[in-house]
Every structure is written in structure tokens, then in C-alpha cells.
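Step one of this worksheet: look at the structure below.
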Amino acid sequence: MFIIGLDGATWDIIKPNIDKLPTFKKILSQHDNYTISLQQKPWSASVWCSMFSGKLPEEHNHLDFVKDGEVQTRNDVKVDFIWDILSRNNISVKALNIPFIVPPYNYNIYFNPPGYGVPLTQEELNTEITEITNKIVSVTGDSKPELFIAVYTALDKMSHLHWGGESLIDYYIKIDKAVNKIFELDEKVLILSDHGFTDYDKAPVQTLPKITSTGNELKGDHHPDAIAIAKNIPFKVNQPIDVFNGLISYFNVK
Amino acid sequence: MKNEKRYTTISIPVQLNEKLKEKISGTGFHSVSSYVIYVLRQLVSSSYEEKKGFTKEDEKRVRDRLKNLDYL
């Protein structure tokens with residue numbers, strides 16, 4: 001099984017631009033797709049943590065990348081993740097660039113993300129797509145694990161900075177091309193986002209200040225409607241924790 | 001200090017124990033316990049090396065980038 005995360009991906013960009021996104025157009029016509037309306041706050045660190053630990057925010061208590069001025073690491077997050085549990089049960093699993101911490105977390109893979117996992121320049125933002133895609137192709141070519149999870153994170157930064165602009169559509173076109181390269185690598189594929197996006201002023205939560213200390217004006221912020229596209233996935237994701245619970249059930253482990 | 005415990009008990013699945021017995025057969029390990037202690041020491045050591053690999057300078061760069069986005 002292959003899980004592809006697209007941080008911050010939203011139907012509000014994909015559907016109105018579907019004719020520019022031939023891969024999404026094709027897979028949406030062929031496979032289940034739906035909205036995950038988050039009941040928990042749409043904070044990336046917390047949602048990705050819930051998704052792969054099966055714990056609600058009040059249980060994992062990992063709400064953001066930074067706590068009390070300290071950048072959080074894997075050791076600060078006191079939970080077992082799905083990869084820990086599957087490994088204990090001798091099921092092969094790899095996880096690439098999972099952004100519940102910064103730099104994003106890797107399991108059974110070495111990966112050095114562009115910009116330390118916080119890509120800021122356009123070059124870093126573009127490079128992330130290429131490097132993640134190449135890594136996915138190489139991992140699945142070497143020895144495909146029974147579960148492989150990979151997340152593209154830079155779409156979130158693009159959406160904060162360029163919401164409403166043509167450059168964000170161009171970035172979705174790059175993501176569409178990447179998905180085209182990897183979607184057929186497994187019979188069972190789940191694509192999902194951790195939250196959606198909307199205009200900064202309309203967003204129900206503001207995750208960052210509108211004008212950053214470096215003078216950038218943020219155009220977009222997080223929305224609680226995330227996306228899901230499921231090819232032969234035997235469970236439905238109504239909330240992030242359903243990913244963990246569905247995997248536990250599918251692999252029949254405890 | 002006479003009564004200070006130097007070892008503790010950790011449970012592993014019986015099936016894994018059997019596999020480990022097969023694995024150490026004919027090697028210099030006289031028991032599964034000594035083999036497990038060896039492997040865990042290696043693991044702890046490599047985790048430490050990985051942590052050392054992420055330098056203070058790297059950490060500063062991450063903090064600077066998070067500051068740039070006002071996470072810090």
C-alpha cells in the first residue's frame with residue numbers, strides 16, 4: 001500500500017482547474033474521492049501526528065512544530081506511530097518526509113529535504129517535488145515495502161504565499177505531473193491532505209501572522225476541508241485517526 | 001550498593017526468541033540475552049551518532065527558517 005500526502009491540498013484549486021491537471025482528472029474519474037472535514041484544528045504538525053499515531057490532539061499533545069520556544073523532535077512526541085507498530089510485527093514499512101516535525105521525519109530511509117524541510121525560495125519549493133518523486137521511484141524500485149508513506153510538504157508554503165495567484169496553479173500542475181509518475185507504482189494508493197486552504201481573511205484559523213516579520217504578506221491560510229483519493233483502499237477516512245485505524249485493521253496488527 | 005540491580009527483565013515474543021536462538025547457533029554468543037544486549041547497544045550507539053549528525057549549526061538554520069515564517 002502506498003500513501004501519498006499533499007500538505008494543504010484542496011479541492012478548491014483542483015476542481016476549478018481540472019482541465020490543467022490531467023492526472024487528477026483521470027484518477028478522480030476512476031477512483032473514490034471525497035472530502036475529509038476535520039473536527040480537530042487544521043494544524044499540520046498535529047494532524048499528521050494524529051493520522052499516523054491514531055491519537056487525537058489531546059492524547060498526543062503535539063500541537064505544533066515549536067513548543068515553549070523549542071523545535072520539537074521525534075523524541076518529544078510520546079507516541080508509537082504506525083511504522084513503529086508494523087516493524088514490531090515484521091511488516092516492512094518506510095516513511096519519507098512526514099511533516100509532524102521539522103525537518104520532516106523519515107523512517108527506514110535517508111533523505112535530506114531541500115531547505116531543511118522548510119523550503120522558502122522558489123528553487124527550494126520546486127526542488128522538493130523533484131527530489132521527493134525521485135526518492136519515491138528509487139525506493140519502490142529497490143525493494144518495495146508493504147507500506148510506503150511519502151509527503152510533499154512545500155504545497156503548504158506555496159499556498160500561504162501565493163493563494164489566489166497563477167503561480168499556485170502552476171505549482172499544482174507540477175504536483176499533477178509528479179502524481180502521474182507515482183500513482184501506478186502500487187495497486188493500493190491513498191492520496192490525502194492534512195487540511196485545505198482558503199483566503200487568509202476567510203480562514204477559520206490563522207496559523208501564522210498575515211504580515212511576517214520578514215515583510216511577506218501571507219495570502220492564504222488553513223481550512224478544515226482536506227482531500228482524499230482512494231484506489232483500492234479498504235477503509236474510509238472520515239478523520240485523520242482513521243488512517244492509522246484503517247492500517248492497523250488492514251495489516252491485522254495490534 | 002550490595003543489593004543494587006544491574007539487570008532487568010524485558011519480554012520478547014517466544015517465536016522471536018526461537019529465531020534468535022537459531023541465529024546465534026555456532027556464533028560466539030552464548031545466550032539470546034547476550035546477543036540482544038549487543039544489538040541494542042549497537043542501536044543506541046547508532047541513534048546517538050545520527051543525533052550528532054544533526055549539528056548545532058543545522059539546528060540554527062532550521063530555527064532561522066521557522067523564524068522567517070514566524071513559527072518562532
Checklist line | Filtered residues of region A:108-161 (kept if crowded, with 22+ Cβ neighbours inside 10 Å, of a type outside the set (A, V, I, L, M), closer than 22 Å to A:HIS222 by Cβ and more than 14 Å from every other protein chain (Cβ to nearest Cβ)) | finding: A:TYR152
Next item on the list: Please determine, by comparing only the residues of region A:8-30 that are assigned to a helix (DSSP H, G or I) and among the hydroxyl-bearing types (Ser, Thr, Tyr), which one is surrounded by the fewest Cβ atoms within 10 Å (Cβ to Cβ).
Entry: A:SER29
Item checked: Options A:PHE65, A:PHE52, A:PHE81: the member that is aromatic (Phe, Trp, Tyr), in contact with a Phe, Trp or Tyr (Cβ under 7 Å, 6 or more places away or on another chain) and within 14 Å of chain B (Cβ to nearest Cβ) -> A:PHE65
Note to self: Can you tell me which residue is modelled with the lowest pLDDT among those in region A:31-73 that are small (Gly, Ala, Ser) and surrounded by fewer than 17 Cβ atoms within 10 Å (Cβ to Cβ)?
What the structure shows: A:GLY69
Check: Only one residue in A:GLU184, A:GLU217 is surrounded by fewer than 17 Cβ atoms within 10 Å (Cβ to Cβ), under 29 Å from A:ILE82 (Cα atoms) and not aromatic (Phe, Trp, Tyr). Which one?
Finding: A:GLU184
Checklist line | Selection within region A:91-103 - within 11 Å of chain B (Cβ to nearest Cβ) and either within 16 Å of A:TYR152 (Cβ to Cβ) or of a type in the set (S, T, N, Q) (or both) | finding: A:VAL102, A:PRO103
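The values are calculated or read from the model by the stated rules, or taken from the named source; none is laboratory data. Only a predicted model underlies this, so the values are computations on that prediction, with no experimental measurement involved. Cβ coordinates were reconstructed from backbone atoms using ideal geometry, including for glycine residues, and neighbour counts include every protein chain displayed.
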